[in-house]
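Computed from the coordinates by the stated procedures, all read-outs in this text should not be read as laboratory data. No experiment lies behind these values; they were computed from the predicted model shown. Using ideal geometry, Cβ is built from the backbone for each residue, glycine included, and neighbour counts are taken over all protein chains shown.
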Amino acid sequence: MNAGHLVVESILTEALTAVQRTAIVDLCSAAHDEDFGLLFFFLPHDGQHFLGLIDGVLVAHAVCTLRHFVVDGRIPLRAGYIDAVATMPGLQRRGYGSAVMRTAGEHIRTHYDIGGLSTSRPSFYRRLGWRRWRGFLAARTEQGLEPAAPRGEDVVMVLTSTSTPPLTLGEQLSVEWRPGVW
Ligand SMILES: CC(C)(COP(=O)(O)OP(=O)(O)OC[C@H]1O[C@@H](n2cnc3c(N)ncnc32)[C@H](O)[C@@H]1OP(=O)(O)O)[C@@H](O)C(=O)NCCC(=O)NCCS
C-alpha cells in the first residue's frame, strides 16, 4: 500500500532485526513521549508488525497480537489487538498512520474474529471503521473476573467484520489479564 512515498511492510515480531526493533522502540517513544523500551519484553513473538517506510526509514508503526475476548461471558472471540501505533513527530497528518492502520485492519479482517485497541484518540480510528465499546470492561485473572477500565481518558475500540457475530458493543467484554490490561 502507498501513501505518497510510503510503503507499508508486514513482518512478524520474531523476524525483526535488532536494528528494526530499536527503530520501533525509538519511534514509539518519540511519538508517545513515553519510554517504550520494554515493548518487546511484553509482546508475544508471533506479533504482526506493520512498518510504514519512506526510503527504508521507519516513519509509522502498529503491531497486532492475538488476544482472547469473551463477550457476555459466553461468546469467545479471537481478537487481533493493536498496540504501539505511532507516526514520527514532524511527519504526522500526512496519512501515514492511516495507511499503516488500514493495512492492519485488512490483516485483522482476514485473520481474526474482531479487532481491538485502546486509545485516547478515538476520532483517528473512527474514521477507519473502528467503534467504541460501550459495555462493561473486565479482565480475566486467576482470581476471576475483575473490572478493568483502560488507563486515563482512553477508550476501548473494536473493528468488526463479516467474521464477527452480531454485537451491540454494549455487552460485557473481558480479555485475559496483562499489565495495563487494555
Ligand atoms: C495518532 C497517530 C498515530 C496518527 O498518525 P498520523 O500519521 O498523523 O495519521 P494520519 O496523518 O493518517 O491522520 C491523522 C490526522 O491527519 C489528517 N490528515 C491526514 N492526511 C492529511 C493531510 N494531507 N493534511 C491534513 N491532514 C491530514 C487525518 O484526517 C487525521 O485526522 P483525524 O485524526 O482528525 O481523523 C500519530 O498522531 C501519533 O503517533 N500520535 C502520538 C501517539 C498516539 O497518540 N498514538 C495513537 C493513540 S493509541
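For n ≥ 4 DSSP H runs only, could you compute -39500 (n - 2.57) per run for the chain, divide by its residues and tell me the 222 nm figure to the nearest 500?
So the calculated ellipticity at 222 nm is -6500 deg cm²/dmol.
Local charge sum around residue 67 (other residues, Cβ-Cβ under 13 Å, Lys/Arg +1, Asp/Glu -1)?
On the way: positive: 78, 140, 178; negative: 46, 83, 113, 176.
Taking every other residue near residue 67 into account, the sum is -1.
Which of the GluC sites (Glu not before Pro) across region 1-83 are loop residues per DSSP, with 14 or fewer other Cβ within 10 Å? Each step should come with its number before you reach the end.
Details: sites: 9, 14, 34; in loops: 34.
Those that pass, being in a loop and sparsely packed, are 34.
Can you pull out the GluC sites (Glu not before Pro) in region 98-168 whose DSSP state is coil and whose Cβ has at most 15 other Cβ atoms within 10 Å?
Working: sites: 106, 142, 153; in loops: 142, 153.
When the GluC sites (Glu not before Pro) of region 98-168 are filtered for loop state and at most 15 Cβ neighbours within 10 Å, 142, 153 remain.
Compute a Gaussian network model of the chain, connecting alpha carbons closer than 10 Å, and tell me which residue from 135, 170, 152 fluctuates the most.
Fluctuation is largest for 152.
Compute the separation of the alpha-carbon centres of region 129-158 and region 1-70 and state it in Å as a whole number.
23 Å
For the chain, set up a GNM with springs between Cα atoms under 10 Å and report which of 36, 50, 69 has the largest fluctuation.
36
Taking Cα pairs under 8 Å and at least six residues apart, what relative contact order does region 1-129 come out at, in percent?
Working: 217 pairs, mean separation 31.4, N = 129.
Value for region 1-129: 24 percent.
So which trypsin sites (Lys or Arg not before Pro) in region 2-108 are both in a DSSP loop and have at most 11 other Cβ atoms within 10 Å of their Cβ? Write out the running numbers ahead of the final one.
On the way: sites: 21, 67, 74, 78, 93, 94, 102; in loops: 74, 93, 94.
Loop-located and lightly packed - 74, 93.
Between residue 172 and residue 126, what FRET efficiency follows from the Cβ-Cβ distance if R0 is 25 Å, with the result rounded to 0.05? Could you put the intermediate results ahead of the total?
Details: r = 22 Å, r/R0 = 0.89.
The formula returns an efficiency of 0.65 here.
Compute the long axis of helix 18-32 from its Cα atoms, compare it with the longest principal axis of the Cα atoms of the chain, and write down the angle in degrees, 0 to 90, nearest 10.
Roughly 70 degrees, rounded to the nearest 10.
Any chance you could give the angle, 0 to 90 degrees and rounded to 10, that helix 96-111 forms with the longest Cα principal axis of the chain?
Result, in degrees: 50.
For the chain, give me the percentage of DSSP beta bridges that are antiparallel, rounded to the nearest 5 percent.
Values: 40 of 47 bridges.
Percent antiparallel among DSSP bridges in the chain is about 85.
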